Amino acid sequence: MLLFATFAIAFGAPAPALADEVPAQVLVFQSDDPTAPAMSSITGELRESVRVGWGGPVTFKLEFLDLSWFDTPDYARELRRFYRAKYSSYHPGVIVALRLDVLRVVLDLRRELWSGVPVLFLSEDRSAALAAPAAPDVTGIWLDYAWLRTAEGALRLLPDTREVALVMGASPWERARHDGIARDLGPLTGRVALLDLASLPLAELDRRLAALPENAIVLFDTFYMDGAGNRFVGLQAFERIRAQTQRPFFSVHGVGLGKGIVGGEIVDYGRVGRDLGGITLRLLGGASAASIPIRAADANALAFDARELALFRIPEERLPPGAEVHFRVPSFWDLYRRWAVGAAVAVTLQTTLIAALVIERRRRGRAQAMSDAVLASMVGFVAVVDRTGVMLRTNRTWARAPREGAPGPLDRVAEGESYVGAFQRAAAAGDAGAGRVVELVEGVLAGRDVEGTVEYRHDGAERWTEVRARRLSWKDGGAVISHFDVTGRKRAERQARESLSALSHLNRVAAMGELASSIAHEINQPLSAVLTSAQAAEILLRRAAPDVAEVGAALEEIVAGARRAGQVIRRMRVLLKKGEAQRERCDLNEAAQEVARLVGNDALLRGATIALELAPDLPAVRGDAVQLQQVVLNLISNALDAVSGRPYGDRRVIVRTARADGRVALAVEDSGEGGAMDDLERFFEPFFTTKSEGLGLGLCISRSIADAHGGRLWAERAPAGGVAARLELPGEAAQEER
């Protein structure tokens, strides 16, 4: 029988539905007690598989008919009357009937309440399923209770067996099943003695089981009621029956595995529920029940309890191929292998351990000496701190800090004292550099950073110190902190910046010199217009009755021409400006436009065109506007030189700007002949030039400016030939994060 069980009247709250989404409705009828393990597995897996597979809200209702104990005509009549009243206005999407006696009730109700609703049933065996009442929109599956295969498998496991006892209850449903099971076991006649212990009072059954010989086995079905009319739920009766004999029990019901049966070809009721759930989903999705053939459930498995196999000394080698073994009990070797091995090798292990300790002590001594030597030879002030910032070890230079003129608080902290505390006190006293050191060390000790570097000038003095902190790679944490005097390097960097600034200024002056003729021509145009307008105004004023409007127009032209000339001069003054580099918001689009206007006349004189393809809403960058304009000027000037050898009409220079993952990109492409790939990188070497005149410093200076702004400058082949010089700078937001 099905050891059916489930939740109560409506099992599982429906998934919350949207206001405009109607839940799918599934109505489940079952016969047996909702607390029985088998039915609990079936209905639980049915509900879960439908919930997951349907995807939308679904509501389940479960009805318990109790037909195993109450099967009188009066009860059936009252049952139908009750459900007609309860479900007169309810219309399910699918009805599931978990047994054939339940199916008959469901079909009667469907004729009155749910015409056309598909019905899915579960039968206990094949013949009953195929003989089920014929009705449209009805399909189902049957359970393959393999009693004969289970018994034959038991005989292979216990070849000395001479008697097979069948134990099952006396409820009407169990009595109806009895003859079918007996027929299934008929082929065993002649091989073993078949002892029928079905439908006995429990006391009589206890006596008969206790008298079974040692070469007997028991086949157990279900036990809902004994011959005296006593009723039982789930496995209550089995637990008592199992205690009355030491003979092995076999069954076809998976719920008995782990409760006292050796095993058999069992029905996995969870798989039955999933099988029913799959068919329910098809019916909810609109499939016709007639299109789904009645078939066996995909739920059988050869399964055995390892503890019962061990109890009855059944070697696992006798199990059929593919059999599953559950509840394995660890062997003595599995449980006590370490102890056995430890006892066997105790003396050897102790000897080895002592030798290893001696060797380890020597190695540790050498390692300690090596560590001391390395620490002593390290340059600068070096300390090892624990995870709280307390100094554990220092090198000799640190120990001599007061005499070495140590920067900052170093001369006031020694081993065993808090490094972090000393710098916190210095920061509280107004030393801003000490505060930055505290942030660095605390970040490394907390695990936020692996390593870091801070440069600071103590109390505004000329002396610069670089502090490096790196996290120790060991379980207790900590860090190695090093202080280095970098005053000389900082002076050299300042001198290099000053030299670069001077060289950049000379480069700009040289560039202005190269553009002198074109700039003079550009200034000459507005000045000529000014002269012409002034002469016209003079003539107008000499008239007896001067035309004031015409004189005003001439004066306006004079002002406009003067302004145009002033703009050219101002652009030259900006590029020729000399001074310290400034950090301010800069727009590369504006820089490109300014330079294009500045060299536009030179390009016309060369017969070249400059096309601007500028990205709208280009992020700003932070840097020195004059230096960035110088970079753009150098790139465009080099591009104009590169196209000078091309035929007229093919001398093109394109300036593009674009976004690039938080960075700002500018590219200058020319239509020149290009150079060898090896020469592209050499363009940026000092004093390398492909021109007959020139120092070869423009691109070198430009790359230095790009590096100083956190960007990069390089050259590559342009897609259409020629060379593309590319400049990338971090956007303003990225620079602020840094």
How large is ³J(HN,Hα) for each residue in the range 622-628, as worked out from phi by the Karplus curve 6.51 cos²θ - 1.76 cosθ + 1.60 (θ = phi - 60°), to whole Hz, x for Gly and Pro?
10, x, 8, 4, 5, 5, 5
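Order the peptides 204-210, 187-193 from the highest to the lowest mean number of other Cβ atoms within 10 Å of their residues. Provide the component values of the computation, followed by the final result.
Values: 204-210: 16.1, 187-193: 12.7.
Order by mean packing, descending: 204-210, 187-193.
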Taking K and R as +1 and D and E as -1, what net charge do the other residues with C-beta under 11 Å from the C-beta of residue 248 add up to?
0
In what sequence, highest mean first, do 426-439, 120-133 appear when ranked by Cβ atoms within 10 angstrom?
120-133, 426-439
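All other residues with a Cβ under 9 Å from the Cβ of residue 26 taken together, and with Lys, Arg as +1 and Asp, Glu as -1, what is their net charge? Please list the in-between numbers first.
Details: positive: 47, 61; negative: none.
With Lys, Arg at +1 and Asp, Glu at -1, the net is +2.
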Can you run phi through the Karplus equation (6.51, -1.76, 1.60; θ = phi - 60°) for the range 99-106 and list ³J(HN,Hα) in whole Hz, with x for Gly and Pro?
2, 6, 5, 5, 4, 4, 4, 4
In nanometres, the difference between 0.36 nm per residue of separation and the alpha-carbon distance of residue 206 and residue 347 is 45.1 nm
Just rank 179, 305, fewest to most, by other beta-carbon atoms within 10 angstrom.
179, 305
At 4 °C and 1.567 mPa s, what whole-number value in µm²/s does Stokes-Einstein give for the translational diffusion of the range 110-228, with Rh from the Kirkwood sum over Cα pairs?
79
Taking the mean number of other Cβ atoms within 10 Å as a proxy for protection, how do you rank 639-647, 317-325, 150-158 from highest to lowest?
150-158, 639-647, 317-325
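First select every other residue whose beta carbon is under 12 angstrom from the beta carbon of residue 72; then total the charges, Lys and Arg +1, Asp and Glu -1.
Details: positive: 77; negative: 66, 71, 74, 78.
Combined, the nearby Lys, Arg, Asp and Glu give -3.
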Which ordering of 61, 475, 259 is given by a fewest-first count of other beta-carbon atoms within 10 Å?
475, 259, 61
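Quick note: the coordinates plus some simple rules give every number you see, no bench work behind them. As the structure is a prediction and not an experimental result, all values here were calculated from the model. Virtual Cβ from ideal backbone geometry, glycine too; neighbours counted across all protein chains shown.
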